[in-house]
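Derivation of every value follows stated rules applied to the coordinates shown; laboratory data play no part. Keep in mind it's a predicted model, so treat the numbers as computed, not measured. Every residue, glycine as well, gets a Cβ built from its backbone with ideal geometry; the counts of neighbours run over all protein chains shown.
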């Protein structure tokens, strides 16, 4: 029995302004947030994201937004 269901949203981190503090990474219970040591910032793996928005509370810079997955055709059909 599935306890959690993915929402109609996907979290997205602004890659240009993210400083890579990793505060959001610690809050994601689905393992959807990853850190790139090459770019020095965090990013969301959309296939793992449940769209709950909990990660937004960790970003002091307010760089995490929720986007409607219908606007992302490459993701929309995956679940």
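For region 1-65, what's the relative contact order in percent, using C-alpha pairs closer than 8 Å and at least 6 residues apart?
It rounds to 41 percent for region 1-65.
Taking only the Cα atoms of region 9-71, how large is their convex hull per residue, in Å³?
78 Å³
Kindly rank 30-39, 17-26 from highest to lowest mean number of other beta carbons found within 10 Å of each residue.
17-26, 30-39
Which value in deg cm²/dmol, rounded to the nearest 500, describes the helix-derived mean residue ellipticity at 222 nm for the chain, given -39,500 (n - 2.57) per DSSP H run of n ≥ 4 and division by the residue count?
Taking each H run of at least 4 residues, the total per residue is -2000 deg cm²/dmol.
Take 47, 63, 27 and order them by how many other Cβ atoms sit within 10 Å, fewest up front.
By the 10 Å Cβ count, ascending: 47, 27, 63.
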